[in-house]
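Contents: one structure, followed by commentary.
Read-outs throughout are calculated quantities, based only on the coordinates presented, and are distinct from any laboratory measurement. Model, not experiment: these values are computed from the prediction. Ideal geometry is used to build each Cβ from the backbone, glycine not excepted, and the neighbour counts take in all protein chains shown.
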Amino acid sequence: MLLDYHMHTYLSDGRDTHEQMVASAAFKGISEIGFTDHISLKPVGWALPIERIDEMIARVKDVQTGDTQGVKVKFGVEMDYFFGMEKQIQEILSKLPIDYVIGSVHFIDEWNFDTDVKEYDTIDINRFYRQYFKAVQQSAKSKLFDIIGHCDLAKKFAYYPTFPLDDLYDEAAQTFKKADVVVEINTSGRIKPCEEFYPSAQFLERLAHYKVPITLGSDAHVEQNVGQFFADAIAEIKALGYKEIARFTNRKREMVRI
């Protein structure tokens, strides 16, 4: 079974409509997709304003009840994790008729490191990596999320620490396993400055070692990128022994063969 559980529409920072994303998935032979527009408690331009959540719900329901061209459509969200704001995050999620939640870390304190590139030349990169991996592990421990999004996003702009990442990868993989969360193979990293999937091959090997469940997500922001590089991603995970990926319905996980 082929699925794409991470994509954005015009409601957050994507360009295209839900219908265009569905059509692209159908054309590429993807049998199930999930819409995951951004929600963030900290105001940021790439997230859906909180007051428009009802519009998001209505749009997904419209698509689900329309002509999906044989594609199963799930309702997901990509929710930003902020330490100390777990209660507020849970309050929002509890009101949504969601199939799954991707938890992502895009901020370190007030710095939106996902889009604010200029800060990288002024910070301690070693400290940044340690802060990022701590935050990602906290997001998993919070039990708020079904899927951990782009779990090594710190590398996006190809800034790397001076120390080997083995220990951080291993610790994070153990934390994900203990928290019983799914980790996405996010293929969008291939078209970013880091030029590799999230997680890296080395990190993915540690996830496989601890048998952390995984799923697939293109993180498409335009319809052309739905399912991008999935053949390569599937070959990589199969080589590590993965035979199944996770799918969700009403926040209940099911493993399906790939």
Study note, to complete from the structure: For the range 137-160, pairs from a residue that is on the phi > 0 side of the Ramachandran plot and surrounded by 23 or more Cβ atoms within 10 Å (Cβ to Cβ) to a residue that is hydroxyl-bearing (Ser, Thr, Tyr) and not in a loop (DSSP other than H, G, I, E, B), with Cβ under 7 Å and 6 or more apart or across chains, are 150/104; 150/198
Review point. Do you know which residues across the range 86-110 are within 22 Å of residue 128 (Cα to Cα) and either exposed (fewer than 15 other Cβ atoms within 10 Å of the Cβ) or among the basic types (Lys, Arg) (or both)?
Key: 109, 110
